1. Quick one: would you say A21 is farther than 30 Å from A109 by Cα, crowded, with 18+ Cβ neighbours inside 10 Å, more than 15 Å from the ligand (Cβ to nearest atom) and in contact (Cβ under 8 Å) with a residue 60 or more places away in the chain?
2. Which strands (runs of 3 or more DSSP E) sit wholly inside region 171-240 and have at least 3 residues that are more than 23 Å from R19 (Cβ to Cβ)?
3. Sort through S165, S77 and tell me the only one that's surrounded by 14 or more Cβ atoms within 10 Å (Cβ to Cβ), within 10 Å of the ligand (Cβ to nearest atom) and farther than 24 Å from W230 by Cβ.
4. Within the bounds of region 27-45, is there any residue that is small (G, A, S) and over 17 Å from L135 (Cα atoms)?
5. What pairs can you find where one residue is in region 134-149 and part of a loop (DSSP other than H, G, I, E, B), the other is near the ligand (Cβ under 9 Å from one of its atoms) and β-branched (V, I, T), and their Cβ atoms are less than 6 Å apart, with a gap of 6+ or different chains?
6. Taking the stated definitions as given, is L221 away from the ligand (no atom under 11 Å from the Cβ) and surrounded by 21 or more Cβ atoms within 10 Å (Cβ to Cβ)?
7. List every residue pair whose Cβ atoms lie under 8 Å apart, where the two residues are 6 or more positions apart in sequence or sit on different chains, the first residue falls within region 214-235 and is over 17 Å from L180 (Cβ atoms), and the second residue, located anywhere, is surrounded by 16 or more Cβ atoms within 10 Å (Cβ to Cβ) and among the aromatic types (F, W, Y).
8. Take the residues of region 110-145 that are among the polar types (S, T, N, Q) and either over 30 Å from A195 (Cβ atoms) or modelled with pLDDT under 95 (or both): which is surrounded by the most Cβ atoms within 10 Å (Cβ to Cβ)?
Amino acid sequence: MLLDDAAAVAAAVAQAIVRVAGHSAVARGHFNLALAGGTTPRAAYELLASDPSVVRWDCTDVFFSDERCVPPDDPGSNQGMARAALLSRVPISEHRIHPIACGDAPAGAALQYESELRRHFATHQDSLTAPVFDLTLLGVGTDGHTASLFPGDRAVSERERWVLSVGAPAGIAPRDRITLTLPILNRSRHVLFIATGTEKRAIVRRLLSENASAESLPAALVRGLESTTWFLDHAAAGKD
Ligand code: 6PG
């Protein structure tokens, strides 16, 4: 989906989340949402928060695609950003917010989050392909990473574990992270990618080209079970 600017992208993403949330609540009585980190989604989160009535927060569970191993009040915290922009401003119960708590041992924290996910989606545990998230929102880095799945990292080729601890490449801080892996990301009914600004133009062009998955760019390996939609502004799409 091509929008004029970042504000229009935020509005379109917020509307898409409302649409899937409403359909999920009617069809299944709940809405399982995985939020993206980084900075791009913040405007969409703030728009969602501006009218708390548009999503049935009483039957919504919020998860995170990844987390940086910093305190929740650190400016780099994905949980912190989502709480400030959205979760503290809508009527969602704390037990329906599922943050990734890194603690002092990222590997143990990854196992802990995976156990929480498997408990929450227990009804699907016996099926390797049943959906888990109704919607997963993801950003993309200029190197083609998404969540904290970085090009060439072993976590990209993980096919069993749902959650792993990883180290971001040199130059990308914070380094210690916890990330969802492709086996669970690809059990989302709907995946929404969001990218804005000219700095994302080159990677968006590579990702939307026909040989993107051959390059093993992590963002090219994520596919929703029902839909995968890119929300781009003209700057990121190279149309200005
Ligand atoms: C993270 C994110 C990551 C992010 C991209 C884009 O924790 O860093 O999950 O995948 O979405 O790096 O980040 P921006 O939106 O800040 O460009």
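The values are calculated or read from the model by the stated rules, or taken from the named source; none is laboratory data. This one's a predicted model, so the numbers in the text were calculated from it and none came from an experiment. No Cβ is skipped: glycine too gets one built from the backbone with ideal geometry, and neighbour counts run over all protein chains shown.
1. So A21 does not fit the description; no.
2. Qualifying strands (runs of 3 or more DSSP E): 176-180.
3. S77
4. Yes; the residues of region 27-45 include at least one that is small (G, A, S) and over 17 Å from L135 (Cα atoms).
5. Listed by first residue and then by second, the contacts come to G139/T40; G139/I194; V140/T146; A147/T179; S148/T179.
6. The answer is no for L221.
7. T229/F193; W230/F193; F231/F193
8. Q112
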